[in-house]
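Participant: Handing you this structure, nothing more for now.
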Amino acid sequence: TMTPHELYQRPGFLLRRMYQIAAAVFENACGDLGLTTAQYGVLIIVHSEPGIDQTRLARALAFDKVTVMRVLRGLEERGLVQRVASGRQKTLALTDAGLALLTQARERAEAASRRLMSPLDSADQAQLVRLLQTLVNGLAHEARAPFVPLER
C-alpha cells in the first residue's frame with residue numbers, strides 16, 4: 001500500500017497542489033477586481049478574438065460546456081461581456097467595462113505569474129514550462145475537454 005510520503009511525491013498530487021497555489025496567487029493579485037483565473041482567460045480570449053463563439057471560446061481555454069456557460073454568465077451579469085446576434089449564431093465581445101477591467105487586471109496578472117515562478121531561476125522556469133507543455137501535448141487525448149489553441 002502507498003504511504004502518505006509516497007503520495008506526496010506523485011506528480012498528480014503535486015500538480016493539483018500547485019494549481020491551488022497558482023489560483024491563490026492570482027486571486028491575491030486580482031481578487032479585489034473580483035476576477036478568477038477562468039474569467040481572466042475569457043477576457044483575454046474574447047479581447048484577442050472579437051466575434052468568437054462560445055464553442056471556440058471553450059476549446060481555446062480547454063473548458064467544458066458547463067464551465068464556459070457558468071463563467072460567461074458571471075461576466076455577462078457584470079456587464080463585462082456581451083453576446084451579439086450574428087446570423088443564427090451568437091458571438092461574444094467585450095463591453096467597454098470589460099476592456100477597462102482587462103486593462104486594469106493585466107499588470108496584476110503578470111505580477112502574479114512572476115510571483116508564481118519566483119522560487120525558480122530563469123533556466124528552471126523555462127524548463128518547467130517545456131516539461132508541462134510536453135505532458136499536456138503528449139496526453140491531450142486523455143482530457144475530457146478539448147483544447148484547440150487560437151492561431152497566433
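The values are calculated or read from the model by the stated rules, or taken from the named source; none is laboratory data. Source: prediction; values computed, not measured. Every residue, glycine among them, receives a Cβ derived from its backbone with ideal geometry; neighbour counts consider all protein chains shown. Heavy atoms of the whole protein, side chains included, go into the accessibility calculation; ligands, DNA and RNA do not. Shrake-Rupley method; radii C 1.70, N 1.55, O 1.52, S 1.80 Å.
Participant: Mind listing just one residue for me: the one in the stretch 115-125 that is hydrophobic (A, V, I, L, M, F, W, C) and within 19 Å of the chain's Cα centre (by Cα) and, of those, nearest to Val42 (Cα to Cα)?
Facilitator: Leu116
Participant: Would you mention how many residues in the stretch 24-42 are over 18 Å from Arg73 (Cα atoms) and surrounded by fewer than 17 Cβ atoms within 10 Å (Cβ to Cβ)?
Facilitator: Of the residues in the stretch 24-42, 5 are over 18 Å from Arg73 (Cα atoms) and surrounded by fewer than 17 Cβ atoms within 10 Å (Cβ to Cβ).
Participant: List every residue pair whose Cβ atoms sit under 9 Å apart, with the two residues 6 or more apart in sequence or on different chains, where the first one lies in the stretch 37-57 and is more than 20 Å from Ala109 (Cβ to Cβ) and of a type in the set (Asp, Glu) and the second, anywhere, is open to solvent by 30 Å² or more (accessible area, probe 1.4 Å) and in a strand (DSSP E or B).
Facilitator: Asp53/Ser86; Asp53/Gln89; Asp53/Lys90
Participant: Same structure again: Which one of Ala112, Ala97 is within 15 Å of the chain's Cα centre (by Cα) and touching a residue at least 12 places away in the same chain (Cβ under 8 Å)?
Facilitator: Step by step, each of Ala112, Ala97 is checked, and only Ala112 is within 15 Å of the chain's Cα centre (by Cα) and touching a residue at least 12 places away in the same chain (Cβ under 8 Å).
Participant: Take the residues in the stretch 47-63 that are part of a helix (DSSP H, G or I) and out of contact with any helix residue (DSSP H, G or I) (no Cβ under 7 Å at 6 or more places or on another chain), then tell me which one is nearest to Thr103 (Cα to Cα).
Facilitator: Residue satisfying both the conditions and the ranking: Ser48.
Participant: Go over the candidates Thr1, Thr67 one by one and state the one that is among the β-branched types (Val, Ile, Thr) and at pLDDT below 95.
Facilitator: On inspection, the qualifying residue turns out to be Thr1.
Participant: Could you give every pair whose Cβ atoms fall below 6 Å, whose first residue belongs to the stretch 17-34 and is under 13 Å from Ser113 (Cβ atoms), and whose second residue is assigned to a helix (DSSP H, G or I) and open to solvent by 80 Å² or more (accessible area, probe 1.4 Å), counting only separations of at least 6 or pairs across chains?
Facilitator: Partner pairs satisfying both residue conditions: Val25/Arg115.
Participant: Only one of these conditions is not met by Ile45: (1) closer than 22 Å to Met117 by Cα; (2) among the aliphatic types (A, V, I, L, M); (3) open to solvent by less than 50 Å² (accessible area, probe 1.4 Å). Which number is it?
Facilitator: (1)
Participant: Can you name the number of the only condition in (1) within 19 Å of Leu94 (Cβ to Cβ); (2) among the small types (Gly, Ala, Ser); (3) at pLDDT below 95 that Ser48 fails?
Facilitator: Among (1) within 19 Å of Leu94 (Cβ to Cβ); (2) among the small types (Gly, Ala, Ser); (3) at pLDDT below 95, Ser48 violates only (3).
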